[in-house]
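Comments concern the structure below.
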Amino acid sequence: MLSVRFLLQRTENAHLLTVCITDLKSLIQTTESTFRPILYSQSLGCLIAQTYVSSHPVAALILDSPPPS
């Protein structure tokens, strides 16, 4: 049986990921570049970058030391 604490933590993590992706999207849009971005991410930022790339075009994605799955 899953504990309430585990479920709350999972919900908070999902919300934090959504906030980070929204921030990344806003940051990229403020550059007003006509070129697709090259994303470099490290460690836990790789999860944010991979999630962003799943629905937004990029020129390249570099994952440095992604966390184990």
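Where a number appears in this text, it was derived from the coordinates with a stated rule and is not lab data. Keep in mind that what you see is a predicted model, and the values were worked out from it rather than measured. Here the Cβ positions follow ideal geometry from the backbone for every residue, glycine too, while neighbour counts run over all protein chains shown.
Residues in segment 36-51 that are among the β-branched types (Val, Ile, Thr) and out of contact with any strand residue (DSSP E or B) (no Cβ under 7 Å at 6 or more places or on another chain): THR51 alone. Of all residues in segment 25-41, those that are at negative phi and either under 11 Å from the mean Cα position of the chain (by Cα) or not polar (S, T, N, Q) (or both) total 10. Checked against the criterion of being loosely packed, with under 10 Cβ neighbours inside 10 Å, out of contact with any strand residue (DSSP E or B) (no Cβ under 9 Å at 6 or more places or on another chain) and closer than 19 Å to ASN13 by Cβ, the candidates SER54, SER26, SER33 yield just one match: SER54.
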